[in-house]
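Heads up, the thing below is written out as structure tokens.
The values are calculated or read from the model by the stated rules, or taken from the named source; none is laboratory data. As the structure is a prediction and not an experimental result, all values here were calculated from the model. Glycine also receives a Cβ, built like all others from the backbone with ideal geometry; neighbour counts cover every protein chain displayed. Heavy atoms of the whole protein, side chains included, go into the accessibility calculation; ligands, DNA and RNA do not. Shrake-Rupley method; radii C 1.70, N 1.55, O 1.52, S 1.80 Å.
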Amino acid sequence: ERQRTVVLWPDTFTNHLSPSVGSAAVTVLEAAGLRVVVPPKPVCCGLTRVSTGQLDGARRVMRRTLDVMAPALEAGLPVVGLEPSCAAALRTDLPELLSDDPRAARLAASVKTFAQALDQYAPEWEPPRVDRPVAGQTHCHQHAVLGDEAERRLRERAGLTGTLSGGCCGLAGNFGFERGHYDVSVACAEEQLLPSVREAGPDTELLADGFSCRTQLDQLAGRRARHLAEILAER
């Protein structure tokens, strides 16, 4: 049986700010029997331009990305996104902004989250048992666009018990970094996320698949959260 190949999407956050998430994902996906490849040149979903209203710039970035991804699309390879905001942009913003390019819809349809890829392409794989409680954040784009059923199932199978915080971490991409937004950003985090983390016991795994959510927890709670891939790779 031919080994299933997946393309790991090297988003800007993972590539430049948290490469440990990328290497952890490769470790887990390969342990599950999948062959992992990456695009031959840098790619970008265009989200930072979309979120700041630079739609023409976003379209240019997206077209360049489609050119790089064309061979993978031709081969029908699934694309595994580690950063929820980027995966959501590929699923929704890309086909909307490039509705004239059939490759955009094909790339959007091929995007899976880390847990969705394991669920779909390695259903027999048994994740390592962590057997610890969890606290942390489900990314807003995961709630809104991607769904978190596969993530919940994967956590359950790994013995990660408890629920992640609803609401928003408050950083919200570039929002929390912009002048005048700090108080609102902190207020959002105080609504659900920070209280749940303060209540968490010392053996609780802090989980946040989104770079923004991890950054907010680091800066406001002084606690390091990790991507689900990192927690599984460690085992």
Taking the range 1-42 and keeping residues touching a Phe, Trp or Tyr at 6+ places or on another chain (Cβ under 7 Å), among the hydrophobic types (A, V, I, L, M, F, W, C) and outside any helix (DSSP H, G or I) leaves Val6, Ala32, Leu34
Being open to solvent by less than 50 Å² (accessible area, probe 1.4 Å), of a type outside the set (Val, Ile, Thr) and free of Cβ contacts under 8 Å to residues at least 60 places away in the same chain narrows Gln192, Gln120, Gln137, Gln116 down to just Gln116
Quiz item: On the given criteria, is Thr52 within 29 Å of Arg226 (Cα to Cα), within 18 Å of the chain's Cα centre (by Cα), open to solvent by 10 Å² or more (accessible area, probe 1.4 Å) and in contact (Cβ under 8 Å) with a residue 40 or more places away in the chain?
Solution: no
All conditions in (1) part of a loop (DSSP other than H, G, I, E, B); (2) open to solvent by 20 Å² or more (accessible area, probe 1.4 Å); (3) of a type in the set (Val, Ile, Thr) are true of Val145 except (1)
Exception for Gln120 within (1) in a helix (DSSP H, G or I); (2) out of contact with any Leu (no Cβ under 8 Å at 6 or more places or on another chain); (3) within 29 Å of Cys188 (Cα to Cα) falls at (3)
The correct count of residues that are aliphatic (A, V, I, L, M) and modelled with pLDDT under 95 in the range 18-48 is 1
Exception for Arg179 within (1) within 24 Å of Val28 (Cβ to Cβ); (2) open to solvent by 40 Å² or more (accessible area, probe 1.4 Å); (3) among the charged types (D, E, K, R) falls at (1)
### Message
Residue under question is Leu232, and the condition is that it be in contact with a strand residue (DSSP E or B) (Cβ under 8 Å, 6 or more places away or on another chain), open to solvent by less than 10 Å² (accessible area, probe 1.4 Å) and in contact (Cβ under 8 Å) with a residue 60 or more places away in the chain; does it hold?
### Response
no
